[in-house]
Amino acid sequence: MARNNKPVAVEINELSNDLSEVMVNKVRLGTINEAKTPLQVEYADKRLATAKSFDEAVSLLIAEYNLHH
């Protein structure tokens, strides 16, 4: 049987002008630094990645969260 989709609360908090924090259900997924191009994504375990857009950066963080939870 397929699992039902459950609603998830995604929060994006602006820490400074160029730095945003992404949280899901009060769990910190990581930060997105918009000061550089491409955008720099830092996961909660301090690994780094890059993204072309803000939406792609958020998707990377959420995909990592879904992979481990």
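The values are calculated or read from the model by the stated rules, or taken from the named source; none is laboratory data. From a predicted model like this one, the values you see are computed outputs, not experimental measurements. Here Cβ is always computed from backbone atoms with ideal geometry, including for glycine, and neighbour counts include all displayed protein chains. Keep in mind that these areas ignore ligands, DNA and RNA; they rest on the heavy atoms of the full protein, side chains included. Shrake-Rupley method; radii C 1.70, N 1.55, O 1.52, S 1.80 Å.
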Query raised in the report: Any idea how many residues of segment 1-25 are closer than 19 Å to ALA63 by Cβ and not hydrophobic (A, V, I, L, M, F, W, C)?
Result: 8
Report task. From LYS26, LYS52, grab the single residue that is open to solvent by 100 Å² or more (accessible area, probe 1.4 Å) and modelled with pLDDT of 95 or more. Result -> LYS52
Query raised in the report: In segment 1-51, how many residues are among the basic types (Lys, Arg) and more than 14 Å from HIS69 (Cβ to Cβ)?
Result: 3
